[in-house]
1. In nm, to one decimal, how far is the modelled label at Glu183 from the one at Ala104, with both set 7 Å along Cα→Cβ?
2. GluC sites (Glu not before Pro) within region 128-192: which are DSSP loop residues with at most 15 other Cβ atoms inside 10 Å?
3. Rounded to the nearest 0.05, what FRET efficiency do Asp65 and Ser192 have when you use their Cβ-Cβ distance and R0 = 35 Å?
4. If you bin every alpha carbon distance in region 29-116 into 10 Å steps from zero, what whole percent lands in each bin?
5. State, to one decimal in nm, how far the label point of Asp45 lies from the label point of Arg147, with both points 7 Å from Cα in the Cβ direction.
6. What would the Debye formula give as log10 I(q)/I(0) at q = 0.09, 0.13, 0.15, 0.16 Å⁻¹ for the alpha-carbon point model of the chain, no solvent?
7. Using the Kirkwood formula over every pair of different C-alpha atoms, what hydrodynamic radius in Å results for region 116-192?
8. As an exercise, identify the GluC sites (Glu not before Pro) in region 22-96 lying in DSSP coil whose Cβ has no more than 11 other Cβ atoms within 10 Å.
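Nothing in this text is a laboratory measurement; each read-out follows from the coordinates by a stated rule. Please read all numbers here as calculations on a predicted model, not as lab measurements. Positions of Cβ are generated from backbone atoms using ideal geometry, with glycine treated the same way; all protein chains shown enter the neighbour counts.
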Amino acid sequence: MTDDLDLRQGLSEELLYLLRRHPREGWDGNAELGDLARFWLTRHDGFRQLGGALTDALTRFREGDVEAMQFGGYFAPRLQHFLTELHHHHMIEDQHYFPVFAAAETRLKRGFDILENDHELIHERIGRVITSANGLLGLLEGGDMDRIRRAADTYAADSDLLVNGLLRHLDDEEDLIVPLMIERGEGKLGVS
């Protein structure tokens, strides 16, 4: 497993031949964009939005705009939801969709290997986020602002690593999968 997720500027050109035929700008109006692809894009947008909302909540807390207990009450259930849903989403992709897509278009197998590797890296980062979030949330009732600030800084660094890597991954995954689904059709791929 390699940790190139943060260095990657997208997938290689050789993996994006379907994206060149079906660029992002045309997805919304494409009649071949099926229900699963639309659902997938909506799920990804949900991860982007919730990741952004969590980042915003932490920023507001660190800047003193939100009290500790109010922050904890808002933050903890949303973070748990975000991480749980992300884990389940990746399990379904790894166990069902990626094997189907890789078998349907063998020239993209290396791309699916990259995406599976991303999932492993993202899940390692989820573990770090859980640890640092628990550390932060455990200090909120105590009121030791120096310890809370340090814990918030640690969590922020872990969260930034997770969210930034996730954003790169979501874009790459969409660039690989959505054009394939448009090109082949969800029914023919057996995923509708």
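1. Roughly 1.1 nm, to one decimal.
2. Here the GluC sites (Glu not before Pro) that fit, given the DSSP loop and packing criteria, are Glu141.
3. Numbers: r = 46 Å, r/R0 = 1.31.
Result of the calculation: an efficiency of 0.15.
4. 14, 33, 28, 16, 9, 1
5. Taking the two extended label points, one gets 4.3 nm.
6. Result of the Debye calculation: -0.39, -0.73, -0.89, -0.97.
7. About 14.8 Å for region 116-192.
8. Glu63, Glu67
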